[in-house]
Structure formats: C-alpha cells, structure tokens
1. Looking at S156, is it surrounded by fewer than 16 Cβ atoms within 10 Å (Cβ to Cβ), closer than 14 Å to A138 by Cα and either out of contact with any Leu (no Cβ under 6 Å at 6 or more places or on another chain) or not assigned by TED's automatic domain parsing to the domain that holds S37 (or both)?
2. Of the numbered conditions (1) surrounded by fewer than 17 Cβ atoms within 10 Å (Cβ to Cβ); (2) touching a Lys or Arg at 6+ places or on another chain (Cβ under 7 Å), I132 satisfies every one except a single condition; which is it?
3. So which residues in the stretch 28-77 are in contact (Cβ under 8 Å) with a residue 60 or more places away in the chain and not in a strand (DSSP E or B)?
4. So how many residues does the stretch 185-223 have that are of a type in the set (S, T, N, Q) and within 13 Å of D152 (Cα to Cα)?
5. Scan the stretch 37-89 for residues that are more than 17 Å from L106 (Cα to Cα) and surrounded by fewer than 14 Cβ atoms within 10 Å (Cβ to Cβ) and report the count.
6. For the stretch 175-193, state whether one or more residues are farther than 30 Å from H104 by Cβ, surrounded by 15 or more Cβ atoms within 10 Å (Cβ to Cβ) and not hydrophobic (A, V, I, L, M, F, W, C).
7. Scan the stretch 60-80 and give yes if some residue there is of a type in the set (S, T, Y), touching a Leu at 6+ places or on another chain (Cβ under 7 Å) and closer than 22 Å to A131 by Cβ, otherwise no.
Amino acid sequence: MGPRYGSRTQLLYSDPSCLTPVDYNRTAQLNSSALPSILPLSLTPAEQLPACSGISLATVTYTVHYVLLNESETAKDCGNGLVCANKTTQSLLTSVTGLRPYSHYLVQISAHNFYTRKEPVLGPSTTLQTAIGVPSPAVNVSTTPMLPDWVDVFWSKPLVLNGPLEGIMYRVQYQTDPADGSGVQEIRDNVVPTPTGYKASIGGLRPARNYTFKVQTLRYKHQ
C-alpha cells in the first residue's frame, strides 16, 4: 500500500477591523413631516473602512440618542452633559415617539454590530423640531351674569400652548342644566382679550335658568 497523504484546509479570517462599522459620522434626517409627538427619521447606512471593500458587514444596530432641548443646552450634546434617552433599530427608517409638541430635540446616532468591541462613538448632533400640537384646556373659567338673558364668560390661556399663542382659537359651548332638549349651543366669533385672559358675551339666554359653560381650545387649521 502506497503512502497516504492527508489534506489540509486553510481558514482565512478577515481583518477584525473589516467586520465592524467605522465610527458613525452622519446626522439623522426627517423622513417625512414631523408630527406633534413623533419624529420620523431616515438614517444613512453605516460604512466600512475603504480597504474592506468586498467583505460583508454583519448586521448593524443603530442607536438613536435624543433629548428635549432648552435654551441653555444648545452647546451641549449626548456625550457632553446631556442625559439622553435612546432607541435601537436595525432599520434605516425609524421613528422616535412620545415627544412633546412644538419642541426642539437634539438627536445623535451611533452604530455597532456583533463584532464591535469598543464603546460606539456618537455621531454629530442635529436639532429637529416636532410639529404644533393641540393646546391644553383653558383655565380659570368663570361666569358673571350681566342681564337676565346675558352672561359674560371669562377664562385664561392654556398652561401648555404646544405652539404659538396667536394660533389658538376658542369655542364656548353652553346648554341648560339640566338639559331640556334644546341641545348644545356654541359661539366662537365674539371672543375678546382682557387684562387677565379672554371674555365672551353670550346673550339670548332664558332668564332664571341654570346653564353650564365649557371653553374649548383649538388650533387654526392652516397651521
């Protein structure tokens, strides 16, 4: 029997630096119009070293770091003094939800995968704004009878505007108490400002009857 020759298989391993994404250096963009409590984001794919062309990159996980900004925090970011919330995703399209309307948020992205061994580096920050929302209810609602059939209704502006003050409109609804079948009536055109808020004068009421009044806050549709 002649000599037997064994076979040898050589396993080729990629350079470890080719298996991980490079430090993320892009900013998140809005994928569509922002909503009052949602920022729909579009992310740029993570990249490899130029020398790693042709080597597959394992699935990348992106972390969206975000925080509500106030005027004193414009020079800070998630790696420099701000405590940020985060959300992870493996999709390039994602949304950050549960946000405050008409507010600025700082957003940064980091990227890593299974082979990443160091702390992912935060990408550059960007500031995105949520859309205008519905204001909170009017406060300090009160009434003052002026004549047997005439009442003035007073109230103060909402505590939470969720947008510009000048974009708010008010609607005063009223009905007899207890209800007598005449239904809910409303006015919205004769609201005037006062030193402490707003006033609406309502006439044509039935004398010696109890009424309930409710002030609704809304936004003009063109906003």
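The values are calculated or read from the model by the stated rules, or taken from the named source; none is laboratory data. Please read these numbers as outputs of a predicted model, since none were measured by experiment. Cβ coordinates were reconstructed from backbone atoms using ideal geometry, including for glycine residues, and neighbour counts include every protein chain displayed.
1. So S156 fits the description; yes.
2. Exception for I132: condition (1).
3. A28, N31, S33, A34, P36, S37, L43, A46
4. Number satisfying all stated conditions: 4.
5. 10
6. yes
7. yes
Residues checked against (1) at pLDDT 95 or above; (2) among the polar types (S, T, N, Q); (3) closer than 30 Å to Y105 by Cα:
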residue	(1), (2), (3)
P3	no, no, no
T9	no, yes, no
Y13	no, no, no
L19	no, no, no
Q29	yes, yes, yes
L35	yes, no, yes
